Amino acid sequence: MKNLEGKHIRSSVKNHVGWLEFDRPDVNFIPPVGATQALARLIGRPRALKYLFDGKLLDAEEALAIGLIDEVVRAEDLRSRVQSYAESLCEKPPEALASIRRSIIEGGGLCFDEGLQLEREEVINLSGSENFKDGVRAFIEKREPVWRR
């Protein structure tokens, strides 16, 4: 298993799951590169313990079912799916995406109240932006906003 925690979009090609192989405890080794920490955060401690203790290879459907990946696509559709998703993100305001990411990534390492404070700071910062003003105007005027990059 490679470090998946820092990945924001986790897709797997159907029946191709080599990167989901958990290291084998039966050779007296644990997964390096933070896999024990990342897996526990992605799928919870009980499941992480089970999969790391078992040291088994997951198929894409099982990885999807436990929340380790977000979707399963056919190999021939992977490039277009990734392109389509990237294009959909480009249609959104970049500051909002960055604030969501920061609130989840940084806030996830804080206690709940500190995470809420970080979120509040992000909301305040966004509410003063030109993109926020145009987004509200566009909503009222029933038009598409024009995001400044």
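Just name the residue that is nearest to the chain's Cα centre (by Cα) out of those in segment 27-55 that are surrounded by 14 or more Cβ atoms within 10 Å (Cβ to Cβ) and in a loop (DSSP other than H, G, I, E, B). Once the filter is applied, the top-ranked residue is GLY34. Taking segment 131-149 as the range and being surrounded by 14 or more Cβ atoms within 10 Å (Cβ to Cβ) and either more than 14 Å from LYS92 (Cα to Cα) or of a type in the set (Phe, Trp, Tyr) (or both) as the test, the residues that pass are PHE132, TRP147.
Tell me, please, whether a residue that is over 17 Å from LEU42 (Cβ atoms) and charged (D, E, K, R) can be found in segment 78-86. Yes, the conditions are met somewhere in segment 78-86.
Would you check if GLY128 is over 19 Å from LEU89 (Cα atoms), exposed (fewer than 10 other Cβ atoms within 10 Å of the Cβ) and either small (Gly, Ala, Ser) or in contact (Cβ under 8 Å) with a residue 40 or more places away in the chain (or both)? Answer is yes for this residue. Just one of the listed residues (ARG101, ARG149, ARG137) is in contact (Cβ under 8 Å) with a residue 60 or more places away in the chain and not aromatic (Phe, Trp, Tyr), and it is ARG101. Say whether the condition of being closer than 30 Å to ASN28 by Cβ and either in the same structural domain as ASN28 (by TED's automatic domain parsing) or assigned to a helix (DSSP H, G or I) (or both) is met by at least one residue in segment 84-94. No: segment 84-94 contains no residue that is closer than 30 Å to ASN28 by Cβ and either in the same structural domain as ASN28 (by TED's automatic domain parsing) or assigned to a helix (DSSP H, G or I) (or both).
Within segment 79-94, can one find any residue that is among the aliphatic types (A, V, I, L, M) and touching a Gly at 6+ places or on another chain (Cβ under 8 Å)? Checked segment 79-94: no residue is among the aliphatic types (A, V, I, L, M) and touching a Gly at 6+ places or on another chain (Cβ under 8 Å). The set of residues from segment 60-77 being closer than 20 Å to GLY44 by Cβ and either more than 19 Å from the chain's Cα centre (by Cα) or part of a loop (DSSP other than H, G, I, E, B) (or both) comprises ILE66, GLY67, LEU68, ILE69, ASP70. SER80 passes every criterion in (1) closer than 28 Å to GLU61 by Cβ; (2) surrounded by 12 or more Cβ atoms within 10 Å (Cβ to Cβ); (3) of a type in the set (Gly, Ala, Ser) apart from (2).
When SER12 is tested against the conditions (1) in a loop (DSSP other than H, G, I, E, B); (2) surrounded by 13 or more Cβ atoms within 10 Å (Cβ to Cβ); (3) modelled with pLDDT under 70, the lone failure is (1).
The residues in segment 27-63 that are in contact (Cβ under 8 Å) with a residue 40 or more places away in the chain and among the hydrophobic types (A, V, I, L, M, F, W, C) can be counted, and the count is 4. Given the criteria polar (S, T, N, Q) and at pLDDT 95 or above, does GLN117 qualify? Answer is yes for this residue.
The values are calculated or read from the model by the stated rules, or taken from the named source; none is laboratory data. Just so it is clear, the model here is predicted, and its values are computed rather than measured. Cβ atoms come from the backbone with ideal geometry, glycine included; neighbour counts cover every protein chain shown.
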